[in-house]
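Colleague: Sharing a structure with you now.
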Amino acid sequence: MTKAYALTNGNIIHGDQHQGLAKNMTILVDEHGRIQQIGKEHEMDIPAHYEMIDLAGKYVMPGLINAHVHLFADGKPFTLSASEGMLQFAYNHILNTKFGKNVLIKRMKRNALTALHAGVTTMRSVGEFFYTDVALRDEINANTFVGPNLLVSGFFLSVTGGHGAPYLALVGDSPWEARKNVRLNVKHGVDLIKICVTGGVTDAKMVGEAGRLQMTVDEVAAICDEAHKIGLRVAAHVESTEGVRVALKGGVDTIEHGAEMDDEIIGLYKNNPNALNGYTALIPTLQAAYPSASLDTSVTKVSATVKENSRLVYTSMLKSVHQAIEHGITMGVGTDAAMPFVTHYDMWRELDHYMRQAGLSTAQVIEMATRTNANILGVDEFTGTLEVGKNADLIVLEHNPLERIEALSDVNMVMVNGNLIPTPSVTRIPEVDQLLNSVW
């Protein structure tokens with residue numbers, strides 16, 4: 001059990017854009033880490049043992065939910081081009097050793113805590129090495145340390161020569177091999193299945209390979225059937241229009257990244273009989289593609305191939321965002337944290353990107369990063385909004401993010417499952433921050 005708290009004199013942003021700012025409110029958090037009551041202090045009977053915390057007019061909102069992260073890296077620039085021989089040596093002789101795995105899980109823990117201290121109370125990790133994400137989630141759930149709520153996918157599922165294969169992915173080249181790989185991930189305790197329907201930017205060797213179709217509808221459908229029968233969602237890495245079509249027909253629950261749509265695709269997003277909940281949501285990752293697509297290669301250190309693939313993917317992904325808004329397609333927020341220039345502490349930049357490039361309001365992007373993400377990930381029963389009975393996953397801000405989204409870059413307090421972090425501390429990466437600040 002945690003301590004019980006009375007957070008007084010706070011201005012509440014509920015996470016639902018249709019509920020206005022509630023001023024001078026008090027939130028009671030019980031010993032089980034759940035929100036017990038929300039209202040005016042003078043109308044409450046606050047138990048004597050509750051610790052009183054005067055928020056003095058600061059702003060309280062649900063903790064952020066990042067729907068697309070990787071924990072194996074921190075967002076520092078790194079080269080995306082290495083020979084196959086070098087990758088194989090590094091994987092076999094460094095990463096896939098007891099020492100390498102210990103180093104990896106320590107780094108992942110540090111990145112998860114960085115995100116938490118920056119206000120991200122729930123994360124969906126969509127691809128890690130050796131089920132280290134499962135081990136980290138289990139440590140948090142066993143109260144070994146206070147960490148964010150983690151949803152984990154373990155290894156990708158890919159095809160021979162596909163995105164992430166063979167180092168970050170289990171390989172299967174038929175529907176039955178794909179089912180077997182779902183079963184293997186389930187055996188290791190994953191919360192969801194992540195598949196790679198097309199190629200990706202990071203390991204593409206030529207222009208256009210990033211969106212090249214790699215899985216068939218039959219393979220995707222087999223994966224979805226195997227996962228859905230035990231209630232697991234399927235997230236699909238897709239970076240081309242035809243890839244989106246294949247993924248949707250197969251019944252995936254989320255499209256990660258995305259691409260330009262046509263009428264058939266728009267219809268399948270909104271009404272997908274093969275998806276677990278009857279629809280498919282879009283999780284773009286604009287900030288992951290933007291730096292490599294737009295900045296000079298002398299700055300990003302990427303090859304001309306990576307730059308052009310990034311530009312193609314970003315342009316098509318941004319078109320899909322506009323189409324999703326126009327046609328009322330459910331859309332969440334993920335940053336692809338770990339990719340170059342995408343840190344675990346700057347989720348506000350992704351929200352800012354939606355506002356600048358798609359014309360969304362602060363209220364809309366805040367709801368996407370809280371309530372909508374919780375609905376998409378299937379965790380809305382216990383998090384995503386500030387409501388009685390839900391877990392106390394919340395953040396306290398000095399300034400109003402409804403007026404300026406960058407207020408999210410300076411978090412005063414974090415609470416996750418009722419565990420209070422009174423003075424969050426984030427170690428930033430100055431060279432990344434300076435570069436991204438200069439872009440806008």
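The values are calculated or read from the model by the stated rules, or taken from the named source; none is laboratory data. Just so we're clear, the structure is a prediction, and the values are computed from it rather than from any experiment. Cβ sites come from the backbone with ideal geometry, for glycine too, and all protein chains shown count toward neighbours. SASA here: full protein model, heavy atoms, side chains in, ligands and nucleic acids out. Shrake-Rupley method; radii C 1.70, N 1.55, O 1.52, S 1.80 Å.
Colleague: If you go through region 200-217 one residue at a time, do you hit one that is under 20 Å from SER125 (Cβ atoms), aliphatic (A, V, I, L, M), surrounded by 19 or more Cβ atoms within 10 Å (Cβ to Cβ) and touching a Lys or Arg at 6+ places or on another chain (Cβ under 9 Å)?
Modeller: Kept after step one, since they are under 20 Å from SER125 (Cβ atoms), are these residues of region 200-217: 200-203.
Filter once more, keeping what is aliphatic (A, V, I, L, M): 201.
Checking the rest, the ones that are also surrounded by 19 or more Cβ atoms within 10 Å (Cβ to Cβ) come to 201.
When the remaining residues are screened for being touching a Lys or Arg at 6+ places or on another chain (Cβ under 9 Å), the result is none.
Among the residues of region 200-217, not one is under 20 Å from SER125 (Cβ atoms), aliphatic (A, V, I, L, M), surrounded by 19 or more Cβ atoms within 10 Å (Cβ to Cβ) and touching a Lys or Arg at 6+ places or on another chain (Cβ under 9 Å), which makes the answer no.
Condition check ((1) modelled with pLDDT of 95 or more; (2) more than 30 Å from GLY418 (Cα to Cα); (3) open to solvent by less than 10 Å² (accessible area, probe 1.4 Å)) across all residues:
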{"residue": "THR280", "(1), (2), (3)": "yes, yes, yes"}
{"residue": "ALA304", "(1), (2), (3)": "no, yes, no"}
{"residue": "GLU308", "(1), (2), (3)": "no, yes, no"}
{"residue": "VAL365", "(1), (2), (3)": "yes, no, yes"}
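Colleague: Looking only at region 245-272, count every residue that is assigned to a helix (DSSP H, G or I), free of Cβ contacts under 8 Å to residues at least 40 places away in the same chain and aliphatic (A, V, I, L, M) and tell me the total.
Modeller: 3
Colleague: With respect to the numbered conditions (1) open to solvent by 40 Å² or more (accessible area, probe 1.4 Å); (2) within 20 Å of the chain's Cα centre (by Cα); (3) among the aliphatic types (A, V, I, L, M), which one is the sole condition not fulfilled by MET415?
Modeller: Every listed condition holds for MET415 apart from (1).
Colleague: Continuing with the same structure: From VAL190, VAL186, grab the single residue that is open to solvent by 10 Å² or more (accessible area, probe 1.4 Å), in a loop (DSSP other than H, G, I, E, B), modelled with pLDDT of 95 or more and of a type in the set (A, V, I, L, M, F, W, C). Steps first, please.
Modeller: Numbers: VAL186 fails: in a loop (DSSP other than H, G, I, E, B).
Only one candidate qualifies: VAL190.
Colleague: Still on this model: Of all residues in region 385-440, which are in contact (Cβ under 8 Å) with a residue 24 or more places away in the chain, small (Gly, Ala, Ser) and assigned to a helix (DSSP H, G or I)?
Modeller: Hits for region 385-440 are ALA407, SER409.
Colleague: Exactly one of these conditions fails for GLN287: (1) over 19 Å from the mean Cα position of the chain (by Cα); (2) in a helix (DSSP H, G or I). Give me its number.
Modeller: Against the list (1) over 19 Å from the mean Cα position of the chain (by Cα); (2) in a helix (DSSP H, G or I), GLN287 comes up short only on (1).
Colleague: If PRO47 satisfies every condition in (1) in a strand (DSSP E or B); (2) farther than 25 Å from VAL333 by Cα but one, which is the exception?
Modeller: PRO47 satisfies all of (1) in a strand (DSSP E or B); (2) farther than 25 Å from VAL333 by Cα except (1).
So that you can scan it fast, the table gives a plain yes or no per residue for (1) touching a Ser or Thr at 6+ places or on another chain (Cβ under 7 Å); (2) of a type in the set (Gly, Ala, Ser); (3) farther than 30 Å from ARG107 by Cα:
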site: LYS23; (1), (2), (3): no, no, yes
site: ILE35; (1), (2), (3): no, no, yes
site: GLY39; (1), (2), (3): yes, yes, yes
site: LEU55; (1), (2), (3): yes, no, yes
site: LYS58; (1), (2), (3): no, no, yes
site: HIS70; (1), (2), (3): yes, no, no
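Colleague: Condition test on ASN24, is it more than 31 Å from the chain's Cα centre (by Cα) and under 20 Å from LEU397 (Cβ atoms)? Spell out how you get there, then give the answer.
Modeller: Details: more than 31 Å from the chain's Cα centre (by Cα): yes; under 20 Å from LEU397 (Cβ atoms): yes.
When the stated conditions are applied, ASN24 passes them.
Colleague: Right, something else. What number goes with the only condition from (1) touching a residue at least 12 places away in the same chain (Cβ under 8 Å); (2) surrounded by 13 or more Cβ atoms within 10 Å (Cβ to Cβ) that GLN19 does not pass?
Modeller: So the condition that GLN19 fails would be (1).
Colleague: Only one of GLY278, GLY231 is part of a loop (DSSP other than H, G, I, E, B), touching a residue at least 12 places away in the same chain (Cβ under 8 Å), over 17 Å from the mean Cα position of the chain (by Cα) and on the phi > 0 side of the Ramachandran plot; which?
Modeller: Numbers: GLY278 fails: touching a residue at least 12 places away in the same chain (Cβ under 8 Å).
GLY231 is the lone residue from the list that is part of a loop (DSSP other than H, G, I, E, B), touching a residue at least 12 places away in the same chain (Cβ under 8 Å), over 17 Å from the mean Cα position of the chain (by Cα) and on the phi > 0 side of the Ramachandran plot.
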